[in-house]
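What follows is a set of notes on a single structure, which appears directly below.
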Amino acid sequence: MTHIVIDGYNYMMRVLGSQVERSSIMDIPRRAFLERLSRYKRQKGGKITVVFDAYNSHSPNRQRENFLGIDVVYSKENETADDVIIGWIQEGRTNMVVVTSDRAIIDAAKRSGVAFLVPRSLDEMIAGDIYGTNEGFKDEEEGSQEKKGNPRKLPKKLRKATKTLHKIK
């Protein structure tokens with residue numbers, strides 16, 4: 001089963017942009033975002049975890065909640081969402097796809113062979129599935145021509161990451 005792990009505020013800032021600012025009213029766009037993910041999860045299945053930075057938190061432990069089938073994790077005191085996600089990547093969790101535009105997380109994913117998407121890509125996939133307009137999405141192998149001669153395979157980690165990405169499309 002594919003596990004999508006999303007850097008929550010990074011995703012929201014990249015997709016919603018200037019509509020979202022970190023303030024006391026962050027709860028409204030965060031809730032709308034989680035509801036949209038829940039609709040996507042009902043259609044696709046799998047597991048989705050969204051990790052948020054718990055700003056001004058004085059909690060010594062991470063906080064978890066289940067929101068309409070979406071696992072929501074808030075970082076603990078002196079910990080960022082990036083720290084949480086990078087830790088999971090380093091644990092070697094299988095079938096994980098990380099969604100972020102954060103360079104440190106992407107670099108950690110590349111080193112470990114974990115598949116990753118930028119927020120806009122996942123947003124387009126969600127929009128295509130929820131609204132039934134899956135235009136513009138092509139399987140990467142679909143348009144390629146069969147190569148002759150000695151095949152040049154991607155490294156095993158990258159082949160595994162690519163296979164995991166295809167599961168969520």
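Nothing in this text is a laboratory measurement; each read-out follows from the coordinates by a stated rule. These figures come from a predicted structure and were not determined experimentally. Glycine gets a Cβ as well: all are built from the backbone with ideal geometry, and neighbour counts include every protein chain shown.
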_For segment 48-72, which positions are without any contact (Cβ under 8 Å) to a residue 12 or more places away in the chain, closer than 18 Å to Asp82 by Cβ and among the charged types (D, E, K, R)?_
Arg64
*Go through segment 1-110 and tell me which strands (runs of 3 or more DSSP E), entirely inside it, have 1 or more residues that are closer than 17 Å to Ser121 by Cα and not aromatic (Phe, Trp, Tyr).*
3-7, 47-52, 96-99
_What's the number of the only condition in (1) of a type in the set (D, E, K, R); (2) touching a residue at least 24 places away in the same chain (Cβ under 8 Å); (3) surrounded by 14 or more Cβ atoms within 10 Å (Cβ to Cβ) that Asp83 fails to meet?_
(2)
